[in-house]
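First comes the structure, then the notes that go with it.
The values are calculated or read from the model by the stated rules, or taken from the named source; none is laboratory data. Everything numeric in this text was worked out from a predicted model, so none of it was measured. Here the Cβ is made from the backbone with ideal geometry for all residues, glycine too, and neighbour counts use every protein chain on show. Side chains are part of the model used for accessible areas, which takes the heavy atoms of the whole protein and leaves out ligands, DNA and RNA. Shrake-Rupley method; radii C 1.70, N 1.55, O 1.52, S 1.80 Å.
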Amino acid sequence: MSTHAPDVSAGHSTQVENTTPKSRVIIASLVGTTIEFYDFYIYATAAVAVFPVLFFASKDPTTELLASFASFGVAFIARPLGSIVFGHFGDKIGRKATLVGALLTMGLATFLIGLLPTYHQIGLWAPAMLTIMRFCQGLGLGGEWSGAALLASEYAEEGKRARSAMWPQLGAPIGFFIANGLMLLLTGWITFNSATDGKNLDHPFLVWGWRIPFLLSIVMVAVGLYVRFKLEETPVFAKAVKNDEKVKTPLVEAFKVAWWPMIQGTFIMVACYVLFYLMTTWILSYGKADVKNGGLGIAYHKFLEIQLISIIGFALFIPVSGWLADKYGRRKQQLWTTIAMAVFGGTFALVIAPSVVGTGKDANLVIITIFMFIGMCLMGLSFGSMSAYLPELYPTNVRYTASGIAYNVASILGAALTPFVAVWLNTSYGVAAVGGYLAFASILSVVFILLTHETRDVDMNAVSTTK
């Protein structure tokens with residue numbers, strides 16, 4: 001079944017010359033999202049090993065972890081709000097200025113997390129302030145992704161849009177690699193093992209070491225701002241401005257002309273989010289958790305090494321995804337990838353259950369690494385072409401708002417609760433239930449992919465016909 005997007009018009013014939021070098025567009029979309037995702041993931045890494053002890057102290061380790069994951073999920077609630085706020089300005093004043101604002105919001109919040117006092121110093125004010133900063137991170141990322149995707153796709157050549165739009169997607173694995181790599185170096189340098197040192201509040205890593213990645217983010221933000229200030233407005237949006245095709249209230253217009261494509265885009269993204277946060281945040285907690293709590297009992301430092309290897313698969317298959325989407329179409333490429341993700345969900349109990357893969361020093365790290373590598377390859381295939389697929393569902397004058405809402409509402413449904421739910425499922429029913437959760441989400445996404453039309457050949461200059 002195929003359901004088409006609202007009627008749009010190609011607009012007037014006024015053209016806008018594109019003088020921005022392609023390399024500058026690539027760097028601006030890649031550097032910005034790398035910084036944004038670095039900021040986001042460094043929190044995710046700390047949410048597993050640091051924040052439960054320093055900000056959510058409890059007598060029960062599982063309660064600490066669940067509380068930390070709850071604060072982690074706050075950002076996903078903020079992201080749709082960020083997509084509305086930044087989407088409004090992105091569709092009203094332009095992509096460039098809005099992307100600068102999103103980067104500043106995210107970067108300053110991350111830097112301030114590195115300066116926060118802990119629960120043991122100021123009590124409940126500490127988790128409250130951490131949660132507020134996490135909310136601000138969500139606001140920033142809510143406006144970042146859709147803007148970066150539009151920056152890349154609206155500058156792209158016809159027939160190569162998915163390959164061009166994949167550049168901001170590469171920011172995700174690069175940002176993740178830098179975040180986890182830095183945390184790996186720090187834990188190795190300061191010799192921190194969460195299993196043995198996790199409750200020692202005097203350990204240098206828990207006193208000051210964990211703060212370093214957050215504080216360093218301010219340097220990366222400065223670089224990102226410099227690159228983005230050098231940009232010109234995208235030719236697609238500049239043409240809409242010249243032709244007086246902007247709308248007064250992008251949010252209202254988006255719900256008028258694109259409410260159904262926004263629902264489609266949201267559920268298309270759900271499985272992608274579930275897979276990613278199972279393969280990054282949840283599996284890290286599962287891998288390092290004590291065997292008596294249903295985990296594998298692998299050292300935190302060692303598991304970070306496995307994650308860094310698996311993330312290579314993520315990065316490698318993002319360009320592959322863009323190429324496949326340009327050659328065979330977004331719909332077909334996403335359909336088969338998501339079906340493969342459902343099948344992958346059925347392998348959890350067969351591959352990474354403690355009784356199969358072993359625990360502690362006896363755990364088979366090779367099998368775990370291969371499992372995670374395959375999961376992240378599937379993630380790359382899914383995520384890589386989303387930056388073309390989602391924006392192409394919407395007309396130019398509401399594209400920032402509509403694509404941002406779809407992408408970020410999906411983050412609530414597919415990511416905000418995933419680490420929390422997965423911990424509960426594993427504790428209550430075993431790792432097979434976690435795989436079932438991924439399979440269910442994948443089947444749901446498959447249904448909505450089938451309900452969309454192919455977007456490979458849409459006119460990116462098309463605008464909504466209502467005023």
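All but one of (1) more than 16 Å from residue 217 (Cβ to Cβ); (2) open to solvent by 10 Å² or more (accessible area, probe 1.4 Å) hold for residue 31; which doesn't?
Only one criterion in (1) more than 16 Å from residue 217 (Cβ to Cβ); (2) open to solvent by 10 Å² or more (accessible area, probe 1.4 Å) is unmet by residue 31, namely (1).
Run residue 295 past the list (1) surrounded by 17 or more Cβ atoms within 10 Å (Cβ to Cβ); (2) out of contact with any Leu (no Cβ under 8 Å at 6 or more places or on another chain); (3) part of a helix (DSSP H, G or I) and report the number of the one that doesn't hold.
Going through the list (1) surrounded by 17 or more Cβ atoms within 10 Å (Cβ to Cβ); (2) out of contact with any Leu (no Cβ under 8 Å at 6 or more places or on another chain); (3) part of a helix (DSSP H, G or I), residue 295 breaks only (3).
Being closer than 28 Å to residue 144 by Cα, open to solvent by 10 Å² or more (accessible area, probe 1.4 Å) and out of contact with any strand residue (DSSP E or B) (no Cβ under 9 Å at 6 or more places or on another chain): is that true of residue 438 here?
So residue 438 fails the test.
Is the range 384-394 home to any residue that is surrounded by fewer than 20 Cβ atoms within 10 Å (Cβ to Cβ), part of a helix (DSSP H, G or I) and either under 20 Å from the mean Cα position of the chain (by Cα) or among the small types (Gly, Ala, Ser) (or both)?
The answer is no, given that none of the residues of the range 384-394 is surrounded by fewer than 20 Cβ atoms within 10 Å (Cβ to Cβ), part of a helix (DSSP H, G or I) and either under 20 Å from the mean Cα position of the chain (by Cα) or among the small types (Gly, Ala, Ser) (or both).
Out of all the residues in the range 88-126, which are farther than 21 Å from residue 168 by Cα and either in a loop (DSSP other than H, G, I, E, B) or of a type in the set (Asp, Glu) (or both)?
Selection gives 93, 114, 115, 116, 117, 118, 123, 124.
Residue-wise test of (1) more than 27 Å from the chain's Cα centre (by Cα); (2) closer than 30 Å to residue 396 by Cα; (3) open to solvent by less than 70 Å² (accessible area, probe 1.4 Å).
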site	(1), (2), (3)
206	no, no, yes
209	no, no, yes
216	no, no, no
221	no, yes, yes
229	no, yes, no
233	no, yes, yes
236	no, yes, yes
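Regarding the range 445-465, can at least one residue be identified that is of a type in the set (S, T, N, Q), over 24 Å from residue 337 (Cα atoms), at pLDDT 90 or above and open to solvent by 40 Å² or more (accessible area, probe 1.4 Å)?
The answer is no, given that none of the residues of the range 445-465 is of a type in the set (S, T, N, Q), over 24 Å from residue 337 (Cα atoms), at pLDDT 90 or above and open to solvent by 40 Å² or more (accessible area, probe 1.4 Å).
When you scan the range 139-148, do you find a residue that is open to solvent by 10 Å² or more (accessible area, probe 1.4 Å) and part of a helix (DSSP H, G or I), even just one?
yes
One residue is enough: does the range 61-84 have a residue meeting the conditions basic (Lys, Arg) and modelled with pLDDT of 75 or more?
Yes - at least one qualifying residue is present in the range 61-84.
So which residues in the range 80-106 are over 14 Å from residue 134 (Cα atoms), β-branched (Val, Ile, Thr) and open to solvent by 20 Å² or more (accessible area, probe 1.4 Å), if there are any at all?
Residues satisfying the conditions are 84, 85, 93.
Condition check: closer than 30 Å to residue 159 by Cβ and in contact with a His (Cβ under 7 Å, 6 or more places away or on another chain). Does residue 401 satisfy that?
For residue 401, the condition - closer than 30 Å to residue 159 by Cβ and in contact with a His (Cβ under 7 Å, 6 or more places away or on another chain) - is met.
Which count do you get for residues in the range 396-424 that are β-branched (Val, Ile, Thr), buried (at least 24 other Cβ atoms within 10 Å of the Cβ) and farther than 16 Å from residue 258 by Cα?
Summing the residues that are β-branched (Val, Ile, Thr), buried (at least 24 other Cβ atoms within 10 Å of the Cβ) and farther than 16 Å from residue 258 by Cα in the range 396-424 gives 1.
Given the condition under 25 Å from residue 330 (Cβ atoms), of a type outside the set (Gly, Ala, Ser) and surrounded by 20 or more Cβ atoms within 10 Å (Cβ to Cβ), answer yes or no: does some residue in the range 427-435 qualify?
No, the range 427-435 contains no residue that is under 25 Å from residue 330 (Cβ atoms), of a type outside the set (Gly, Ala, Ser) and surrounded by 20 or more Cβ atoms within 10 Å (Cβ to Cβ).
With the condition kept exactly as written, say whether any residue in the range 153-170 is part of a helix (DSSP H, G or I) and free of Cβ contacts under 8 Å to residues at least 12 places away in the same chain.
For the range 153-170, residues part of a helix (DSSP H, G or I) and free of Cβ contacts under 8 Å to residues at least 12 places away in the same chain: absent.
For the list (1) open to solvent by less than 40 Å² (accessible area, probe 1.4 Å); (2) of a type outside the set (Lys, Arg); (3) part of a helix (DSSP H, G or I); (4) in contact (Cβ under 8 Å) with a residue 60 or more places away in the chain, I need the number of the one condition that residue 77 fails.
(1)
Specify which of the listed residues (193, 200) is within 17 Å of residue 307 (Cβ to Cβ), modelled with pLDDT under 80 and surrounded by fewer than 23 Cβ atoms within 10 Å (Cβ to Cβ).
Exactly one of 193, 200 is within 17 Å of residue 307 (Cβ to Cβ), modelled with pLDDT under 80 and surrounded by fewer than 23 Cβ atoms within 10 Å (Cβ to Cβ), namely 193.
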